[in-house]
Structures are given as C-alpha cells and as structure tokens.
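Participant: The structure that follows is given in the form of structure tokens.
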Amino acid sequence: VENPRMSSWFDCCDCRTGKNRGLNDQIPGKPGFSSAEKMCGVGITFVEDSNGALYVKSLVPGGSAAQSGQVQVGDVLVEVNRNNVYCTNPEQIGSLLLGVEGSQVELAFKRTTTGAVQRIMLYR
C-alpha cells in the first residue's frame, strides 16, 4: 500500500536489464569517473515522503536489488556506503547510488515491518 504522504519519486535503474529512465546514462562531471564510463544503478525506484525519507517503491525485474532477494517494497534507505542518507536530498543520494557498471555499492535499509536495519552489497 502506497503511503499517501509520498510526494515524489526517482529511479535508480540497472544497466544490465535495459530498463532505464535516464538516470543510468553517463553523468558528466561526477567526481571519480571519466565521462566515457557508463553509470548504473541497482534497479530500485524510490518514493520520497513528506519528511524526505526515501522508500522503495518498486524493484526492476532482473535488476541487482531484485535478484538479491534482500530488498523489499516499503524499505527505507538509510545508508549508502556507510554514509547516512536518511532524509537527504534525493539528487545527492542518486549520485551516491550511481556508479560504473559492475562496481559495488553497500546499502542499508530499515525494514518498516520490523524496524531492523539490513546492510547489503549490490552490483551496479
């Protein structure tokens, strides 16, 4: 059930699935990456609530997050590579989630049903 407080959403799609909405394209000027490298996400669509927290809205079938079996719709993103991103600007989080195809990213999610925080390593 979608939370009525959710106000906006963005994608962090997976290069390997061919599913994208523009965020897995090259990002000129992203620190640490050349403009020739393809930037990818992990196949998660997020929705932002009125407080700025990002919830998993959906998983791209065949994407890294879906294949892991560890991410669920409704999970709240709290860390990217051990950096606290809870209620951080979505554009800043997007730049942390995206990386060179085949690179790893560590995410931590708070499960809304239990309150437990789970860290997982995913490939972009």
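The values are calculated or read from the model by the stated rules, or taken from the named source; none is laboratory data. None of the values given here were measured: they were computed from a predicted structure. Note that we place each Cβ from the backbone using ideal geometry, even for glycine, and neighbour counts take in every protein chain shown. Note: accessible area is taken over every heavy atom of the protein model, side chains too, but ligands, DNA and RNA are not part of it. Shrake-Rupley method; radii C 1.70, N 1.55, O 1.52, S 1.80 Å.
Participant: Would you be able to say whether some residue in the stretch 62-75 is at pLDDT 90 or above, open to solvent by 50 Å² or more (accessible area, probe 1.4 Å) and assigned to a helix (DSSP H, G or I)?
Facilitator: Yes, because at least one residue in the stretch 62-75 is at pLDDT 90 or above, open to solvent by 50 Å² or more (accessible area, probe 1.4 Å) and assigned to a helix (DSSP H, G or I).
Participant: Which pairs do you get when a residue that is surrounded by fewer than 16 Cβ atoms within 10 Å (Cβ to Cβ), found in the stretch 103-124, comes within reach of a residue that is among the hydroxyl-bearing types (S, T, Y), reach meaning Cβ atoms under 6 angstrom, with the pair 6+ apart or on two chains?
Facilitator: From residues that are surrounded by fewer than 16 Cβ atoms within 10 Å (Cβ to Cβ), the pairs are Q104/Y123.
Participant: Shifting gears a bit: Which count do you get for residues in the stretch 79-102 that are at pLDDT 90 or above and open to solvent by 80 Å² or more (accessible area, probe 1.4 Å)?
Facilitator: Total meeting the criteria: 4.
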